[in-house]
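The values are calculated or read from the model by the stated rules, or taken from the named source; none is laboratory data. The structure displayed is predicted, hence computed values, not measured ones. When the accessible area is computed, the model is the full protein with side chains, heavy atoms only, and any ligands, DNA or RNA have been set aside. Shrake-Rupley method; radii C 1.70, N 1.55, O 1.52, S 1.80 Å.
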Amino acid sequence: MKVIKASKFAVTLLVILFTISLSSCSFRTTTHRSNYKAKKIPPGQAKKIHGDKSAKNYAPGHNKR
C-alpha cells in the first residue's frame, strides 16, 4: 500500500509541476499596424480638448511658441 500511495503522490506532484511550468510560458502575437491608420485630430478639435484660445499651437506648420 505504501508504494501505491507514494507513486500516486509522485504522479500528482509531477502533474502539478508540469502545469505550473506550462502556465508560465506565454506566447503573444501582436501587430502594431493599427497605429498607421489613426488620424490626427484637427487643430481646432485639439484646441477645444485642451481649452486653449488659439489653435495655432496645434497646427503642424505653426511650431512657434
ask   = Is there a residue in the range 20-36 that is among the hydroxyl-bearing types (Ser, Thr, Tyr) and at pLDDT 85 or above?
value = no
remark   = Over the range 37-64, the set of residues open to solvent by 100 Å² or more (accessible area, probe 1.4 Å) and at pLDDT 85 or above is Lys48, Ile49, His50, Lys53
ask   = If you take the residues of the range 1-14 that are modelled with pLDDT of 80 or more and open to solvent by less than 80 Å² (accessible area, probe 1.4 Å), which of them is farthest from the chain's Cα centre (by Cα)?
value = Ser7
